[in-house]
1. Could you check the range 145-180 and list, in sequence order, the residues that are surrounded by 15 or more Cβ atoms within 10 Å (Cβ to Cβ), aliphatic (A, V, I, L, M) and under 20 Å from residue 376 (Cα atoms)?
2. Being more than 17 Å from the chain's Cα centre (by Cα) and crowded, with 19+ Cβ neighbours inside 10 Å is true for just one of 353, 366, 347. Which residue is that?
3. How about the range 288-395: which helices (runs of 4 or more DSSP H) wholly inside it have at least 1 residues that are touching a Lys or Arg at 6+ places or on another chain (Cβ under 6 Å) and of a type in the set (Gly, Ala, Ser)?
4. What about residue 28, is it farther than 29 Å from residue 335 by Cα and within 16 Å of ligand 2 (Cβ to nearest atom)?
5. Looking at (1) more than 24 Å from residue 4 (Cβ to Cβ); (2) within 16 Å of ligand 1 (Cβ to nearest atom); (3) out of contact with any Gly (no Cβ under 8 Å at 6 or more places or on another chain), which one does residue 88 not meet, given that it meets all the others?
6. Hey, among the residues in the range 99-130 that are over 15 Å from residue 53 (Cα atoms) and part of a loop (DSSP other than H, G, I, E, B), which one's nearest to ligand 2 (Cβ to nearest atom)?
7. Filter the range 225-282 for residues that are of a type in the set (A, V, I, L, M) and not in a loop (DSSP other than H, G, I, E, B) and give the result.
8. Name the one entry in 234, 222 that is β-branched (Val, Ile, Thr) and away from ligand 1 (no atom under 16 Å from the Cβ).
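The values are calculated or read from the model by the stated rules, or taken from the named source; none is laboratory data. On a predicted model such as this, the values are computed, not experimentally measured, just so you know. Quick reminder, even Gly has a Cβ in these numbers, built from the backbone with ideal geometry, and neighbours come from all protein chains shown.
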Amino acid sequence: MGKYKLRCINCGKVYEPDEVEYTCPVCGDRLGTLEVIYDYEDIKVQREEFSKFENIWQFEKILPIEKGSYRTHLHVGGTPLYNMPKMAEELGIEKLTIKYDGTNPTASYKDRASAIAITKAYEKGYDTIYCASTGNAASSLAGLSAPTELKTYIFLPASAPIAKISQLFIYGANVLPIDGTYDEAFDISMEIGKEKGWYCRNSAINPYLLEGKKTGALEIAVQSDWEIPDYVFVSVGDGTVISSFYKGFYDFYKLGLIDKIPKIIGVQAEGAAAVKRVFDKGEPFLPDDIETNTIADSISVGKPRDVVKACKYVKKSGGYFISVSDEEILSAIQELAIKSGIFAEPAGATSYAGLKKIANTLGKNAKVSIVVTGNGLKDVKAIEKFVNLKKIKPDEVREVLKNEN
Ligand SMILES: Cc1ncc(COP(=O)(O)O)c(C=O)c1O
Ligand SMILES: [Zn+2]
């Protein structure tokens, strides 16, 4: 573990890790999310010590966890980075790689954060952990905590896709299906969590989650043989995953392992583009909440909790935010599946929808990575329009095939 401190993204005040648990007491939960900052001089790492398919714990020296504390045995991270030359050619760019995180234990990117949250819960001596979630952080926390002694409480909108909700029950979590939005589930979870003294695995509030998530960026660097892409496209809800991509590359840059940070491009659903709205208004980045409407349930966030950090980091990277319609997301799901063999849930394919939309502005020399954050089996209802279940009697099959030819 590298020595670290916690710094408020808003006022810049620096805290010792045992001085604050979650957010800056001066700036509050919304503005004062914390960044983990390391003493980079103190961390000795070399490129050679990282390998392409190891799990997240290979980055232990740049994670805020104690030596010898609890580590999940499940294989979190070490997910594939696929090189797709034909797709790159069709998009008119030099290189396209796809970071596919649907292969994580509970099938989404969120496992990277839950793994760290559980480690921290043990280090800090909690016996109960909770989160509010659009669905994936929930199933991830439920899955990774199932084989531990931690009690787990999950707050999520009852409207979340049934596959994600089913994961919760199979993993034996205590489920609180909220009759309301994710934003409402989040607010009530914070109140109850404080009242009960449970450990909070809520996006943005818990500063350590982003450190787990940044391992995706570290893996892209390692798996690209240290040839850092020019652009990384990430789908955005609360803004923690996208912030983590900047932070991962930043850490490697500060450690002298890479010589540039990619432009980070945030892709939001048009019906839930709350972070983009704040970014486009410019600095100072202040929360400005909206009502949402999109099929991409995972990123249907109207009150993004990491909006300040996401905007600051994306700006520092030289990137920006774009938005795509639900129709663009749906066609991106099918096109990605057919061209790459990767079946993504709506929020997972949103990054590809964004790339398709603006690929022609990036230049023919552009090297691009997109992050596919969730497995398509998580939400099959979203793609039901592609499914044709018109029944055929066995003796009609030949006739049907004849007509098709
Ligand atoms: C599949 C998927 N993609 C992207 C995101 C966006 O992450 P964030 O809310 O940190 O912006 C989420 C968050 O739930 C997700 O589940
Ligand atoms: Zn502050």
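1. If the condition is that a residue be surrounded by 15 or more Cβ atoms within 10 Å (Cβ to Cβ), aliphatic (A, V, I, L, M) and under 20 Å from residue 376 (Cα atoms), then 156, 160, 163, 165, 168 are the ones that fit.
2. Numbers: 353 fails: more than 17 Å from the chain's Cα centre (by Cα); 347 fails: more than 17 Å from the chain's Cα centre (by Cα).
Only one candidate passes the filter, namely 366.
3. Details: elements: 307-317, 326-340, 346-358.
Filter on the range 288-395 gives 307-317.
4. Details: farther than 29 Å from residue 335 by Cα: yes; within 16 Å of ligand 2 (Cβ to nearest atom): yes.
Considered against the rule, which asks whether it is farther than 29 Å from residue 335 by Cα and within 16 Å of ligand 2 (Cβ to nearest atom), residue 28 comes out as yes.
5. Single failed check for residue 88: (2).
6. Our first condition is that a residue be over 15 Å from residue 53 (Cα atoms); within the range 99-130, this holds for 106-111, 113-130.
Checking which are part of a loop (DSSP other than H, G, I, E, B) leaves us with 106-107, 109-110, 124-127.
Numbers: 106: 33, 107: 36, 109: 28, 110: 26, 124: 22, 125: 26, 126: 24, 127: 30 Å.
Taking the candidates together, the pick is 124.
7. Of all residues in the range 225-282, those of a type in the set (A, V, I, L, M) come to 228, 232, 234, 236, 241-242, 255, 257-258, 261, 264-265, 267, 269, 272-275, 278.
Scanning the range 225-282 gives 232, 234, 241, 242, 264, 265, 267, 269, 272, 274, 275, 278.
8. Working: 234 fails: away from ligand 1 (no atom under 16 Å from the Cβ).
None of the others qualify; the one that does is 222.
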